[in-house]
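The values are calculated or read from the model by the stated rules, or taken from the named source; none is laboratory data. It should be emphasised that the depicted structure is a prediction, and the values quoted were computed from it without experimental measurement. Counting neighbours? That spans all protein chains shown, and the Cβs are built from the backbone with ideal geometry, glycine included.
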Amino acid sequence: MTPSSRRATLGTLIATAALAAAPTLPAAAAPSAHAAGASKVTGTLRITPGTFAGGKPNGSWFRMALPSGTAYFSNPGSTATDKTYTLLAPGTAGGLVLGTYQGGATFDASGNSQAGAIIKPTPFAGILFGVATLKQEPASSPASAAPSATLKGTRLSVRLAALTAAWNKLFFNQGAPKPGKSSPVATGTLNRRTKAYTLDWKSTIVGGPFNGFTGVWHLQGTLKGKVA
């Protein structure tokens with residue numbers, strides 16, 4: 001596919017995205033800093049691959065909400081029956097490594113992301129997208145700390161300001177909180193005994209062809225690490 005045909009296809013997809021009806025987005029989680037008395041979590045949040053069966057997603061996935069907040073973008077490259085879900089698979093590192101940056105946010109000549117440490121680069125609107133954690137995005141946001149996590153009871157809180165999606169030679173911060181802001185963080189659950197976790201967050205896209213859309217993320221899997 002030539003660059004001009006990809007742009008035309010993308011324009012058509014965006015123009016028709018409102019047809020992908022979906023329920024209104026749930027309210028954002030209340031702001032949550034790393035609470036006093038919480039235990040530090042270290043290691044890798046390993047990602048369980050996403051699947052789709054019985055009309056529901058399982059494992060890890062990504063959706064992109066339209067600016068209206070009442071519909072989702074339909075990704076023709078999704079392997080799910082419901083194309084508004086993009087199923088995620090673990091990358092070469094197995095998932096999100098806490099306490100460090102996972103870069104590799106480069107592209108091939110066609111704009112396909114080669115950021116493959118956290119997730120395996122995945123088709124999105126005809127182009128592969130990947131995810132990296134960057135101290136500073138190219139020519140954009142302020143510097144961000146490496147991901148960190150705490151646990152209080154079963155409530156998992158993860159600071160993901162450095163998380164960046166790389167697609168079509170563009171970078172879109174998908175952090176929680178956004179760089180330079182204090183809240184909200186990504187939240188979920190972690191079972192201290194089994195190390196099974198879930199993690200959810202939303203992050204508005206700024207700039208590029210999807211400006212004003214919102215990334216809706218759900219990761220789940222197992223912690224390969226420890227809780228202090």
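For region 81-109, a residue qualifies if it is more than 17 Å from the chain's Cα centre (by Cα) and farther than 27 Å from GLY225 by Cα, and the qualifying residues are THR81, ASP82, THR106, PHE107, ASP108, ALA109.
Would you check if ALA65 is within 15 Å of the chain's Cα centre (by Cα) and surrounded by 16 or more Cβ atoms within 10 Å (Cβ to Cβ)? In short, yes. Answer with yes or no whether LYS135 is over 21 Å from THR214 (Cα atoms) and at pLDDT below 95. Taking the combined requirement at face value, the residue satisfies it. SER148 meets all of the listed conditions (1) surrounded by fewer than 23 Cβ atoms within 10 Å (Cβ to Cβ); (2) over 29 Å from PHE52 (Cα atoms); (3) without any contact (Cβ under 8 Å) to a residue 60 or more places away in the chain; (4) among the small types (Gly, Ala, Ser) but one, namely (3).
Taking the numbered list (1) at pLDDT 95 or above; (2) surrounded by 19 or more Cβ atoms within 10 Å (Cβ to Cβ); (3) not in a loop (DSSP other than H, G, I, E, B) in turn, PHE172 passes all entries but (1).
Taking the numbered list (1) farther than 21 Å from GLY208 by Cα; (2) among the hydrophobic types (A, V, I, L, M, F, W, C); (3) at pLDDT below 95 in turn, ALA105 passes all entries but (1). The residues on offer are THR198, THR214, THR122, and the sole one that is closer than 29 Å to LYS40 by Cβ and among the hydroxyl-bearing types (Ser, Thr, Tyr) is THR198. Among the residues examined, LEU156 qualifies as buried (at least 22 other Cβ atoms within 10 Å of the Cβ) and either modelled with pLDDT under 95 or over 16 Å from PHE62 (Cβ atoms) (or both). In region 48-83, which residue that is at pLDDT 95 or above and touching a helix residue (DSSP H, G or I) at 6+ places or on another chain (Cβ under 9 Å) is nearest to ASP200 (Cα to Cα)? So, considering only residues that are at pLDDT 95 or above and touching a helix residue (DSSP H, G or I) at 6+ places or on another chain (Cβ under 9 Å), the one nearest to ASP200 (Cα to Cα) is MET64. Selection of region 126-145 for residues being free of Cβ contacts under 8 Å to residues at least 60 places away in the same chain and in contact with a helix residue (DSSP H, G or I) (Cβ under 7 Å, 6 or more places away or on another chain) yields an empty set.
So for region 45-60 (the condition being aliphatic (A, V, I, L, M), touching a residue at least 60 places away in the same chain (Cβ under 8 Å) and either buried (at least 20 other Cβ atoms within 10 Å of the Cβ) or over 19 Å from ALA186 (Cα atoms) (or both)), does at least one residue qualify? Scanning region 45-60 turns up at least one residue that is aliphatic (A, V, I, L, M), touching a residue at least 60 places away in the same chain (Cβ under 8 Å) and either buried (at least 20 other Cβ atoms within 10 Å of the Cβ) or over 19 Å from ALA186 (Cα atoms) (or both).
Which residue, of THR198, THR164, THR187, is part of a strand (DSSP E or B), under 11 Å from the mean Cα position of the chain (by Cα) and either under 20 Å from VAL97 (Cα atoms) or free of Cβ contacts under 8 Å to residues at least 40 places away in the same chain (or both)? Before you say what the answer is, go through the steps one by one.
Working: THR198 fails: under 11 Å from the mean Cα position of the chain (by Cα); THR187 fails: under 11 Å from the mean Cα position of the chain (by Cα).
It is THR164.
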